1. Scanning segment B:62-96 for residues that are acidic (Asp, Glu) and assigned to a loop (DSSP other than H, G, I, E, B), which turns out nearest to the other protein chains (Cβ to nearest Cβ)?
2. If I filter segment B:134-157 for residues that are in a loop (DSSP other than H, G, I, E, B), crowded, with 23+ Cβ neighbours inside 10 Å and within 14 Å of chain C (Cβ to nearest Cβ), do I get at least one hit?
3. Please specify each residue of segment B:184-197 satisfying the condition of being within 13 Å of chain C (Cβ to nearest Cβ) and either surrounded by 15 or more Cβ atoms within 10 Å (Cβ to Cβ) or of a type in the set (S, T, N, Q) (or both).
4. Would you check which residues across segment B:374-405 are under 16 Å from B:ALA233 (Cα atoms) and either basic (Lys, Arg) or away from chain C (no Cβ under 14 Å) (or both) and list them?
5. Please state which one of C:SER496, C:SER468, C:SER518, C:SER464 is within 14 Å of another protein chain (Cβ to nearest Cβ) and on the phi < 0 side of the Ramachandran plot.
6. Say whether the condition of being surrounded by fewer than 19 Cβ atoms within 10 Å (Cβ to Cβ), at pLDDT 85 or above and assigned to a helix (DSSP H, G or I) is met by at least one residue in segment B:34-43.
7. Which condition number in (1) in contact (Cβ under 8 Å) with a residue 40 or more places away in the chain; (2) over 30 Å from B:PRO355 (Cβ atoms); (3) more than 11 Å from chain C (Cβ to nearest Cβ); (4) not in a helix (DSSP H, G or I) is the one that B:LEU181 fails?
8. Would you mind telling me which numbered condition in (1) touching a strand residue (DSSP E or B) at 6+ places or on another chain (Cβ under 8 Å); (2) more than 25 Å from B:PRO197 (Cβ to Cβ); (3) within 13 Å of another protein chain (Cβ to nearest Cβ) B:PRO312 fails?
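The values are calculated or read from the model by the stated rules, or taken from the named source; none is laboratory data. Keep in mind the model is a prediction, meaning the values are calculated, not measured. Reconstructed Cβ throughout: ideal geometry from the backbone, glycine too, with neighbour counts over all protein chains shown.
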Amino acid sequence: MTGSGDSSGLRLKNVGIRLNGQPLLEIDCHILPGTILTIMGESGSGKSSLLDFIAGFLRPDFQSEGNVFLNGEDLTFLPAQERHIGLMFQAPLLFPHMSVLQNLLFAIPPKIRARAERRQLAQQALEDVGLAGFGARDPATLSGGQQTRVALMRTLLAEPRALLLDEPFSSLDQTRRSDVRDLVFRLARANDLPVLLVTHDEEDARSAGGMVHFLDGTTNENGCSETRQPQIAVSER
Amino acid sequence: MNRLLAAFVGLTGMIAAPFAATAQEQDWQSVLEDAKGQTVYFHAWGGEPRINAYIQWAAREVERDFGVRVVHVKVSDTASVVSQVLAEKSVGKESGGAVDLIWINGENFASMKENGLLAEPGWAETLPNWQYVDVENKPTVIVDFTVPTDGQESPWGMAKLVFMYDSTRLETPPSDLSGLLEYARNNPGRFSYPQPPNFYGTTFLKQALADTVADRDVLSRPVDSATFDETVAPLFEFLDELHPHLWRQGKTFPKNAADMRRLLADSELDIAFSFNPGDASGAIANGELPETVRTFVFEDGTIGNTHFVAIPFNSSAQPGAQVFANFLLSPMAQTRKQEPEIWGDPTVLNVAALPANEKALFDTMDLGPATLLPEELGPVLPEPHPSWVSALEEAWLERYGAGSE
Amino acid sequence: MPKATGGPDIPTILVVSLLAGPVCAGLAGTVLPAFGYLPVLGYHTFSLAPFWELFRMPGLSTSVLLSFGTGLAASILSLAIVLLFTAAWSGTRTFHRLTRFLSPLLSVPHAAAAIGLAFLIAPSGFLARLVSPWATGWTRPPDLLILNDPAGYAMTLGLVAKEVPFLFLMTLAALNRPHIRDYYKAGASLGYGRMSTFFKLILPQIYPLIRLPMLAVIAYSTSVVDVAQILGPTTPAPLAPRLVSWMNDPDLAKRLMASAGALLQLAVSAGALLTYLGLERLVTLWLTSRFESGHRRRGDALGRQAALVPMLLVIAIMTASLALLGLWSAARSWWFPAALPQRWGIERMFDAFGMGGPALFATLAIAAAAAGIATALALWLLEARGHRKVPLRGRLNTLIFLPLLLPQISFLFGLQMLFLLAGLSGSFEAVLLAHLIFVFPYAFLALSDPWNRLDPRYAKAAASTGASRARIFWQIQLPLLLRPVLVTAAVAAAVSVGQYLPTLMIGAGRIVTVTTESVALASGGNRQVAALYALLQLIIPLVGFSLAALVPSIVFRHRAAMRLER
């Protein structure tokens, strides 16, 4: 790990978000490729607003400052679809009007043109997460864990350059949860993506294994320099 | 006509014999009593605010003087009222109908009469104010489009086709139909007429027919389908010549007379026409036409008729309707109606025969800047038999109303 | 309140028979005369003669094509404008701002909008006056065929201007559901452009909710009378206005032909609906085939600007038309080429309020009663459905919407006979019932989605405290749905105010509303009075929509979760 001179990864530079003039959060940090930054905080602490800001969805009633850099490129003023940031939500949000396979095909970039190749890619992705043969299914007939796995593959097939995870495991039961979580982290690392995970589950934070940043009013943290790292009080019990 | 004659005899008798008059008066007294407290639904075209205001005034008067409440049901098309009464008859609603009195004439009257949709004949001639009606000089008050009224409708006002023009744009108005065609040819796009079957559009056709037909007498008889095409050939020859020079090349037409008048005001048209000789003056007084608008007629005469009020067979307030009809015939109501700022509609009464006070009301009236004097109005051409209306409308529709298929 | 049951759905059956019953009876009253059977006029035998007579009418095929073409084109154009605009701008500030403009436009009655539009675009109209004579040299209006053009462009424009706000609000309502914002995010985070995301991800999910309103718009537009009379072609006119004139012909025998024409109208509207369904299928297939291509269409900035233009035009046209109505209502003389009235006069305004007062009151009474009953019935139906153990099948549901999908004139004449036979014609109750037939489907349409989206756990939580079903309804469900319930009532009232033919025919002229007055006055040429009455027509819906917006925000001013979120 090097200093801020390294431009690869996701860099949040002096980011501040306000709602109706009231400061909501301030953060300044750098997530290197293949590493995970976990952000924890109570509801209402602005976790979702931060994700919205990074992905380009911040609603007009919020005001923001600071910049987002991805591999050295300033994304702050790019529209969401130009940012190449993959997003996973609390709900898997599979598109209900498409089949499972179509959900995946939808994500594959158009530069891969041949139909057969696209299908091959999508089938492979299903296989990778142990869902071979599920392609023709209606997403609604899948279990929660299966849906999350498809959603993950959908996100990855779009070839994102960074990954934002908005409590994607919260809807899963305890046993599935760790399987799916490990899968997500493994694939993210394998793809060398900088990952930002928002959660309020300590288990999630521990298994992510990276830095943890707290966003609650009591500790009034801002910034996520290395000095904050010892604050991972949750990781050892 | 027998019944009509009988009515005449009765009328003369009424004036001659004091005994009979008393009987009449008693009858009328009982009508007045029955009418008290009744509500009369008067279905009348409601497109003209001035007329609506006049009706409202009349309604206030009869409510105050006779205890009859009159509700003006504003209709956009009198035919729909006929349709309503028919619908009632068809389900056997013999009394308590929705319509108590209709403003009507011409083919609507003929249709109601033919289908037995009108109240018993003769009531109109029993109205006390009938005595002032100018039966002698205004034959159309008892013969509506060649159909005898048989006392089934009471005259309300006189109509005569007059043309309006803006004197700043048109110095010498045409004096006959060929002059009109000539004008249209020289000034393309500045003349039009409402599209038949609008009443005014059909009237224009009838006027043109009367001016072009070889023998005007055929018009007073029902249409003979064998000779119809031949009879109307000159009319359509005229229209064929006229149409390319019409406003919008005859691809569309003004919706009605009022629309045409507005187009005149906006200087889209140079000539418009009306059935009310006082219309232009009234519209000037109301700011709807520029003050430079004037009126003209064809030298050989224009079509004239009478408009009436009629009571349907199943009216729920016949006495009340009669009281209102009688009031509309009163010299006071008729003078007020003729005032250009009020309405400008000519009276059906014989002014010369009125008592001195009432006569003075008419004599001192200022008819307005754009109204022709009675002697300038020219001859009155009678309305053709009602059967010509639909025959002309259908023939017109086939030629000009069906688009290019 | 009915008991929970797995048996027949009694409320639905009741409401359907109350509404669809008269419609079917009315249809029968049209079908019999169409085949030559009208005993009261002396026609006792069945024959095809009315149809032969109909087909002999000059220009009939043109009329049919006009009705079909203008109606279908206007509907599809309106939907396209709405969807493109929503696709391009949903969620932006522009979108929110324009939304505020469009909602009140919904309360403008069709005829009023058409009258305003006519004055805007006529050769002697406002636009021409603005540039005359200084720019155009026109000291007199040019002889240009703009209004009432034979191909029906002006009429199509008039219909579009009026249907866009309706379809837009329906789309807005459909978008107001959980996760829609997240789907937008999902699309964008996969790199899809805003419009692509809408058409590939959002539209397929919300379209089922827009579909029925769209079908209603088609049925309406292909059989519209008032807009056609004001803006439509006349040589020949579209089928529906011709039908009305045949029906009103003093030659009473024309009624048979008119009935045959009403059936033809039914076929025309049905044909348009089927054509649309066919097109819909094609577009769906095409769109579905694009799901898998992966094309992102990120560079849609130009397309987004282009999608804004027609919507802005519609809003500008409607706003200008309304403003002109306002100007006219105070203008005594206003002749070409004056851009502002030459003489003002507000006496007529006082007259209009004096004379229109009773009509306004009658309109309000009917609208309030119809809105109240329709909303209550819709709530009753929905509440009862929530307690059914067996899921409801579609049949009865379709019947509720029957009055929306059938052209009014195809069954109104038969309905008139029915009311006369029942001795109800001309009474307040009869007009109210007639209005309900048309008002209820809209009320149900407006309320069912918010009701179904209400989290059922609230009712469960309440039930777990031992609350009775009635108590749950009155104290939990109704207050939670206060806003949509009020909006539903406002929509219902607006629909009621707009009813012209039903009021006229069932009311027999005894029930006079601002709408019937307005049409009667519009048959004259006095623009000031026509404008005044058009504005009078606007008052009730406008007040209704304002109350629907205001009341919940006052009642719930201390309840953050109940505030409108958009």
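1. Narrowing segment B:62-96 to residues acidic (Asp, Glu): B:63, B:65, B:77, B:88, B:94.
The next check asks that each one be assigned to a loop (DSSP other than H, G, I, E, B); those that pass are B:77, B:94.
Working: B:ASP77: 6, B:GLU94: 12 Å.
In this case the residue turns out to be B:ASP77.
2. Within segment B:134-157 (the criterion being in a loop (DSSP other than H, G, I, E, B), crowded, with 23+ Cβ neighbours inside 10 Å and within 14 Å of chain C (Cβ to nearest Cβ)), the answer is yes, since at least one residue qualifies.
3. Of everything in segment B:184-197, those that are within 13 Å of chain C (Cβ to nearest Cβ) and either surrounded by 15 or more Cβ atoms within 10 Å (Cβ to Cβ) or of a type in the set (S, T, N, Q) (or both) turn out to be B:ALA184, B:ASN187, B:GLY189, B:ARG190, B:PHE191, B:SER192, B:TYR193, B:PRO194, B:GLN195, B:PRO196, B:PRO197.
4. Across segment B:374-405, the qualifying residue is only B:ARG399.
5. Of C:SER496, C:SER468, C:SER518, C:SER464, the one residue that is within 14 Å of another protein chain (Cβ to nearest Cβ) and on the phi < 0 side of the Ramachandran plot is C:SER518.
6. Within segment B:34-43, one or more residues are surrounded by fewer than 19 Cβ atoms within 10 Å (Cβ to Cβ), at pLDDT 85 or above and assigned to a helix (DSSP H, G or I).
7. (4)
8. So B:PRO312 meets the others, but not (2).
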